[in-house]
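Heads up, the thing below is written out as structure tokens.
Computed from the coordinates by the stated procedures, all read-outs in this text should not be read as laboratory data. Just so it is clear, the structure is predicted and the values come from calculations on it, not from any experiment. Every residue, glycine as well, gets a Cβ built from its backbone with ideal geometry; the counts of neighbours run over all protein chains shown.
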Amino acid sequence: AQSVTQPDIHITVSEGASLELRCNYSYGATPYLFWYVQSPGQGLQLLLKYFSGDTLVQGIKGFEAEFKRSQSSFNLRKPSVHWSDAAEYFCAVGVIKAAGNKLTFGGGTRVLVKP
Amino acid sequence: DAMVIQNPRYQVTQFGKPVTLSCSQTLNHNVMYWYQQKSSQAPKLLFHYYDKDFNNEADTPDNFQSRRPNTSFCFLDIRSPGLGDAAMYLCATSFGGRAVGELFFGEGSRLTVL
């Protein structure tokens, strides 16, 4: 069965500093990988996704992620964090099944931005 | 804008009193999902519809049921809510098929059980 691990439960970063969120997955085939962001009391918004091709993926809000098959990782990065980036971030792996495609989410990383 | 709309955004119910949460979509996606998200936890899939086919997760309690009367609407019924069912319930949609499509989420319905 597929699984996703986000090792960091909380991260605090200063505004303007860089941010990297870690994600490790376990899946026997080619993974379909996603990063979602959730602001308090809101639904999840897709930041970016990886299906195939270029392993460096650009997303919205200045985020990017790099797929490293050898490390089973899909880490999310942003060069300069803004206060509005304070939120919870979820990494997910997608699985194709005959009954429908499903996402399995990691436990999430909560990001706090200091002024 | 095409979107996924959930109602109500906030629902308060009493222990054991049935609750129905609704989800509608204008994306014309063939797959609709219901996730349960408890505080500070990852969303957990309860079940999903692939077209009209209902797919229940193995560990979803019988207390949770779902209906999809047409492509646009899907309902989550909690027959006898317990205190442990207090959570955010997220509806999502996607295109199912050979390629894994991203999920589009609604804003969620937060359920409080008194």
Query raised in the report: Out of residues 5 or more away from B:ARG9 or on other chains, whose amide H comes under 5 Å of its own, with H placed 1.01 Å from N in the peptide plane?
Result: none
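For the protein assembly as shown, what is the charge dipole size about the Cα centre, in debye to the nearest 20, if Lys and Arg each add +1 at the Cβ and Asp and Glu each add -1 at the Cβ?
Details: 21 positive and 18 negative charges, 31 e Å.
Using Cβ point charges on Lys, Arg, Asp and Glu, the protein assembly as shown gives about 140 debye.
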Requested in this report: Scan region A:76-115 for trypsin sites (Lys or Arg not before Pro) in coil per DSSP, keeping those whose Cβ has at most 15 other Cβ atoms within 10 Å, and list them by number.
Outcome: A:LYS97
Report summary line: The long-range amide H neighbours of A:ASN101, using H built 1.01 Å from N in the peptide plane and a cut-off of under 5 Å, are B:GLY97
Report summary line: The ³J(HN,Hα) series, computed from each phi in region B:39-51 with the Karplus coefficients 6.51, -1.76 and 1.60 at θ = phi - 60°, rounded to the nearest Hz and given as x for glycine or proline, is 3, 6, 10, 6, x, 10, 5, 8, 6, 8, 10, 9, 6
Report task. For a label point 7 Å from the Cα of B:SER72 along Cα→C-beta, name the residues of region B:9-44 whose backbone N is under 15 Å from it. Result -> B:23-30
Requested in this report: Compute the Cα gyration tensor for region B:39-114, then decide on rounded, prolate or oblate, letting a ≥ b ≥ c be the square roots of its eigenvalues: rounded whenever a/c is under 1.5, prolate when a/b is larger than b/c in the other cases, and oblate in all that remain.
Outcome: prolate
Requested in this report: Mind running the shape call on chain A? Use the C-alpha gyration tensor, a ≥ b ≥ c as the square roots of the eigenvalues: rounded below 1.5 for a/c, prolate if a/b tops b/c, oblate otherwise.
Outcome: prolate
Report summary line: Karplus ³J(HN,Hα) for region B:72-87 (6.51 cos²θ - 1.76 cosθ + 1.60, θ = phi - 60°; Hz, whole; x = Gly/Pro) runs 7, 10, 8, 10, 10, 10, 10, 6, 9, x, x, 4, x, 8, 5, 5
Requested in this report: Could you size up the charge dipole of chain B around its Cα centre, putting +1 on the beta carbon of Lys and Arg and -1 on that of Asp and Glu, and report it in debye to the nearest 20?
Outcome: 200 debye
**Report entry** Table column - 3J(HN,Hα) (Hz), region A:15-32, Karplus curve with 6.51, -1.76, 1.60, x for Gly and Pro
**Finding:** 4, x, 7, 7, 9, 9, 10, 8, 8, 10, 10, 10, 7, x, 10, 5, x, 10
Query raised in the report: Amide H of A:LEU48: which non-local residues (sequence gap of 5 or more, or other chain) have their own amide H closer than 5 Å, using H built in the peptide plane?
Result: A:TRP35
Query - Lys pairs, the protein assembly as shown - Cα-Cα below 18 angstrom, 8 or more residues apart or on other chains - result: 11
